[in-house]
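Data block below; observations after.
The values are calculated or read from the model by the stated rules, or taken from the named source; none is laboratory data. Keep in mind the model is a prediction, meaning the values are calculated, not measured. Virtual Cβ from ideal backbone geometry, glycine too; neighbours counted across all protein chains shown.
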Amino acid sequence: MEGLHVENLTVRKGGAEILHGVSLEVAPGERVGLVGGSGAGKTTLLRALVALEPDFSGSLTWQGTPLRELGPRAWRRRLVLVGQRPAMFEGSAAENIGVAARHHGLDVDAEALLQALDLAAAGDREAQALSEGERQRVALARALAIGPAMLLLDEPTSALDEARVRLVEELLARTSVGWILVSHDPAQVQRLTDRQIRLEGGHRVPLGPGGSS
């Protein structure tokens, strides 16, 4: 079984069921949009896919190997979440990228990634003092630096102006990595994904005639 396979994923919070038996498959390199209204469970699903929701059940496998066999660290090397408001490590923007790569035994040209995202001037600045938009771009660079198999992108450009949105999209387009994207911008979902999956009320639902599912 290739790629990501999710079967009957259920998440509970405070005794309430937030996701209800969601199943999906995403092939290696495939680019999928996750759509649905506010409160549909999109962010919860992305967090559950990297085992950040403590009370979840169901089956998660990557390339046929279950999460429980790979372990969280190895799993999160393959599937990397880029959140809307990402936390920064202590140190500079460049150090954030370099530390992430070294943690996985990799060497990376942090300056090249920063330059590609119009962050060259921010490389030596304290990452925790960066603006929200700068943090979003550093988080994306940090994720790409560890060579992920799949990105889970949760509103990755929500704090960016149009020019920097284009930079992010162009950088993503040059990679071979696949992703699951959540975006408030329907046009961005159309530009960056091959098909869409819809959630409503924590359930996966059909998109309707002519849509993906």
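Quick notes
- Test: residue in the range 24-42 that is touching a strand residue (DSSP E or B) at 6+ places or on another chain (Cβ under 7 Å), hydrophobic (A, V, I, L, M, F, W, C) and more than 18 Å from Glu200 (Cα to Cα): yes
- Pairs are defined by a Cβ separation below 7 Å, a sequence spacing of at least 6 or placement on different chains, a first member in the range 22-44 that is under 16 Å from Val6 (Cα atoms) and in contact (Cβ under 8 Å) with a residue 60 or more places away in the chain, and a second member that is assigned to a strand (DSSP E or B) and among the acidic types (Asp, Glu); the pairs so defined are Ser23/Glu7; Thr43/Asp154.
- Verdict on Arg164 being closer than 14 Å to Gln84 by Cβ, among the basic types (Lys, Arg), surrounded by 16 or more Cβ atoms within 10 Å (Cβ to Cβ) and at pLDDT 95 or above: no
- Residue check, Leu34 buried (at least 17 other Cβ atoms within 10 Å of the Cβ), more than 22 Å from Gly147 (Cα to Cα) and hydrophobic (A, V, I, L, M, F, W, C): yes
- Any hit, the range 191-206, residues being more than 20 Å from Gly41 (Cβ to Cβ) and in contact (Cβ under 8 Å) with a residue 24 or more places away in the chain: yes
- Residues being over 17 Å from Ala101 (Cα atoms), outside any loop (DSSP other than H, G, I, E, B) and without any contact (Cβ under 8 Å) to a residue 12 or more places away in the chain - total across the range 65-79: 5
- Every residue from the range 88-117 that is over 18 Å from the mean Cα position of the chain (by Cα), crowded, with 16+ Cβ neighbours inside 10 Å and not hydrophobic (A, V, I, L, M, F, W, C): Ser92, Glu95, Gly98
- If you go through the range 52-75 and pick out every residue that is under 30 Å from Glu126 (Cβ atoms) and at pLDDT below 95, you end up with 2.
- Arg142 vs. criteria in a strand (DSSP E or B), surrounded by 18 or more Cβ atoms within 10 Å (Cβ to Cβ) and at pLDDT 95 or above: no
- Considering residues of the range 171-188 that are part of a helix (DSSP H, G or I) and small (Gly, Ala, Ser) only, the residue surrounded by the most Cβ atoms within 10 Å (Cβ to Cβ): Ala173
- When Gln115, Gln128, Gln196, Gln136 are checked against the criterion of being polar (S, T, N, Q), over 18 Å from Gly98 (Cβ atoms) and part of a helix (DSSP H, G or I), a single residue qualifies: Gln136.
- Residue check for Leu19: part of a strand (DSSP E or B), touching a residue at least 60 places away in the same chain (Cβ under 8 Å) and surrounded by 15 or more Cβ atoms within 10 Å (Cβ to Cβ): yes
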